[in-house]
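K.L.:
One structure follows; several queries about it will come next.
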Amino acid sequence: MNIYLLIAGLLAALTAIGHFSYGRRHFLLPMKAADFDPVAKAVMHCVFHYVSVFLLLSSLILFCCAFEAISTMQSFGILLFIALNFGLFAIWQLYISFMSDIESPFKRLFQWVFFVLVAGFTLIGTLLS
């Protein structure tokens, strides 16, 4: 068992749970109730669910790799892909936080912490396996 990938999988699963609970309540529902272009609103609704699928599939793959249900040779590329995605999500969210006019951006845009942790544990677990 790869403990680093297990930790990454648990963090990714917690991120998905937070996305479905906190994200739904504090982003999706207010966005759907807001008064702006219906096409943009529909696109943002789709994007929310694209992220949902990515988080769930990433969690599943991380758990499968942690328990060696997928061979190291077959999992190497997809694990690097997951680490890169989560790492870039964190970088982009930090950039937007710095550039935004949001009051207390790191309190409101806190997901980068989870993204960095998932990326880091995935990368470590990939390189040590």
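The values are calculated or read from the model by the stated rules, or taken from the named source; none is laboratory data. Predicted, not measured: the structure shown is a model, and the values here were computed from it. Please note: Cβ atoms are built from the backbone with ideal geometry, for glycine as well, and neighbour counts cover all protein chains shown. Surface areas here come from the heavy atoms of the whole protein model, side chains and all, with no ligands, DNA or RNA. Shrake-Rupley method; radii C 1.70, N 1.55, O 1.52, S 1.80 Å.
K.L.:
Taking segment 62-77, which residues are open to solvent by 40 Å² or more (accessible area, probe 1.4 Å) and touching a helix residue (DSSP H, G or I) at 6+ places or on another chain (Cβ under 6 Å)?
P.N.:
Residues satisfying the conditions are Phe63, Ile70.
K.L.:
Moving to a separate point now. Could you grab me the full set of residues in segment 82-129 that are at pLDDT below 95, open to solvent by less than 90 Å² (accessible area, probe 1.4 Å) and over 21 Å from Gly23 (Cβ atoms)?
P.N.:
Listed by number, the list holds a single entry, Ser129.
K.L.:
Would you say Ala40 is in a loop (DSSP other than H, G, I, E, B) and either modelled with pLDDT under 95 or out of contact with any strand residue (DSSP E or B) (no Cβ under 8 Å at 6 or more places or on another chain) (or both)?
P.N.:
no
K.L.:
Inspect segment 4-14 for any residue being open to solvent by 90 Å² or more (accessible area, probe 1.4 Å) and farther than 30 Å from Leu127 by Cα and give the result as yes or no.
P.N.:
Checked segment 4-14: no residue is open to solvent by 90 Å² or more (accessible area, probe 1.4 Å) and farther than 30 Å from Leu127 by Cα.
K.L.:
What pairs come up if the first residue lies in segment 1-25 and is without any contact (Cβ under 8 Å) to a residue 60 or more places away in the chain, the second is small (Gly, Ala, Ser) and open to solvent by less than 30 Å² (accessible area, probe 1.4 Å), and their beta carbons are under 6 Å apart, counting only those six or more places apart or on different chains?
P.N.:
Partner pairs satisfying both residue conditions: Gly9/Ser59; Gly9/Ala66; Ala13/Ser59; Ala16/Ser59.
K.L.:
Does Phe27 qualify as being open to solvent by 40 Å² or more (accessible area, probe 1.4 Å) and either hydrophobic (A, V, I, L, M, F, W, C) or assigned to a helix (DSSP H, G or I) (or both)?
P.N.:
So Phe27 fits the description; yes.
K.L.:
For segment 100-114: of the residues being touching a helix residue (DSSP H, G or I) at 6+ places or on another chain (Cβ under 7 Å) and free of Cβ contacts under 8 Å to residues at least 40 places away in the same chain, which is farthest from Leu14 (Cα to Cα)?
P.N.:
Filtering segment 100-114 for residues that are touching a helix residue (DSSP H, G or I) at 6+ places or on another chain (Cβ under 7 Å) and free of Cβ contacts under 8 Å to residues at least 40 places away in the same chain, the one farthest from Leu14 (Cα to Cα) comes out as Ile102.
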